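Worksheet: the structure to be examined is printed underneath.
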Amino acid sequence: MADNSRGIAMVTGGSRGIGEAISRRLHHDGYTVTVLDLAAPEQLMTDGVVERFIQTDVTSADSIKTAVEQVLSAYGVIDVLCNNAGVSTMQRVVDMTEDEWDFNFDVNAKGVFLMTRAVLPSMIRQNRGIIVNTASMAGVKGVPLLAHYAASKWAVIGFTKSVALEVAQYGIRVNAVCPGFVQTSMQERELGWEGQLRGMTPSEVFQDYIRLTPMQRIEEPEDVAKVVGFLVGEDAAFITGEAINVTGGANL
């Protein structure tokens, strides 16, 4: 373990967007951060936020096994796992392809399962650990044009609650965060997709997102990262199996 570290944290999809904000928050709170992603977190490494980067495909059990083994070899423990890697596409169900469905489920749901399965044995051995999964507002309410994405995030929440019951006896807590309309590169792509499907400009879609958010602003990645920081902290020591909405009221 690195000197003065609060613990060892792994963040999947930690190179950009919400994952980057989570990585920065965990580093700020004293964790030694390893990012697992397909793309290197160059700015995070330049800023000294990330100590280790492992190129990882979260849809591959072999890729994940190699990454987890490297982290355990380097540090001996994994204290925190943030399953943040996620993807989206947008389409009406009648036009949706099986490939679109599988792509969303392979990354968003299967990836969470594979990562959790790979990390749990070490957490069980050490009788402690914290897992935070990035779900979505779409995992607690229906969302048109995102049926496949929403279904994958509902799966994440169901998985979170079920695993939490299995591993609580080992001092392991498992929770999820459910972001709303977050300003990321993923959202930028979705603005274009939704605009085409709804006959609107991306700017009009963006204003619609704000209108649908009672707090009347678009969500920032840091809004989510702050809640993750709380969930991995001592103030959340008796919280497990929860899916925490971080939406500015957009899902009410």
Within the stretch 163-189, which residues are among the charged types (D, E, K, R), modelled with pLDDT of 95 or more and over 16 Å from the mean Cα position of the chain (by Cα)? 166
When you go through (1) surrounded by fewer than 17 Cβ atoms within 10 Å (Cβ to Cβ); (2) without any contact (Cβ under 8 Å) to a residue 40 or more places away in the chain; (3) closer than 25 Å to residue 187 by Cβ one by one for residue 30, which number turns out not to apply? (3)
Any chance the stretch 128-146 includes a residue that's out of contact with any Leu (no Cβ under 9 Å at 6 or more places or on another chain), closer than 22 Å to residue 224 by Cα, surrounded by fewer than 23 Cβ atoms within 10 Å (Cβ to Cβ) and without any contact (Cβ under 8 Å) to a residue 24 or more places away in the chain? yes
Hey, can you tell me all the residues within the stretch 190-202 that are under 26 Å from the mean Cα position of the chain (by Cα) and loosely packed, with under 15 Cβ neighbours inside 10 Å? 192
Pair list, Cβ < 7 Å and 6+ apart or interchain, from the stretch 65-78 residues that are of a type in the set (D, E, K, R) and at pLDDT 95 or above to residues that are in a helix (DSSP H, G or I) and surrounded by 15 or more Cβ atoms within 10 Å (Cβ to Cβ): 65/118
Of the residues in the stretch 58-109, those that are within 20 Å of residue 159 (Cα to Cα), not β-branched (Val, Ile, Thr) and not in a helix (DSSP H, G or I) come to 60, 79, 81, 82, 83, 84, 85, 86, 88
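Looking at 195, 139, which is the one that is modelled with pLDDT of 95 or more, closer than 20 Å to residue 250 by Cβ and touching a Ser or Thr at 6+ places or on another chain (Cβ under 9 Å)?
Answer to the selection: 139.
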Restricted to the stretch 219-252, and to residues that are among the aliphatic types (A, V, I, L, M) and surrounded by fewer than 18 Cβ atoms within 10 Å (Cβ to Cβ), which residue is farthest from residue 82 (Cα to Cα)? 252
Which listed residue is exposed (fewer than 15 other Cβ atoms within 10 Å of the Cβ), in contact with a Gly (Cβ under 8 Å, 6 or more places away or on another chain) and either in contact (Cβ under 8 Å) with a residue 60 or more places away in the chain or of a type outside the set (Phe, Trp, Tyr) (or both), from 120, 165: 165
Out of 37, 57, which single residue is modelled with pLDDT of 95 or more, buried (at least 21 other Cβ atoms within 10 Å of the Cβ) and closer than 27 Å to residue 178 by Cβ? 37
Boolean, residue 52 is surrounded by fewer than 14 Cβ atoms within 10 Å (Cβ to Cβ) and modelled with pLDDT of 95 or more: no
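The values are calculated or read from the model by the stated rules, or taken from the named source; none is laboratory data. If you're wondering where the values come from, they're calculated on a predicted model, not measured in any experiment. Note that each Cβ is placed from the backbone with ideal geometry, even for glycine, and that neighbours are counted across all protein chains shown.
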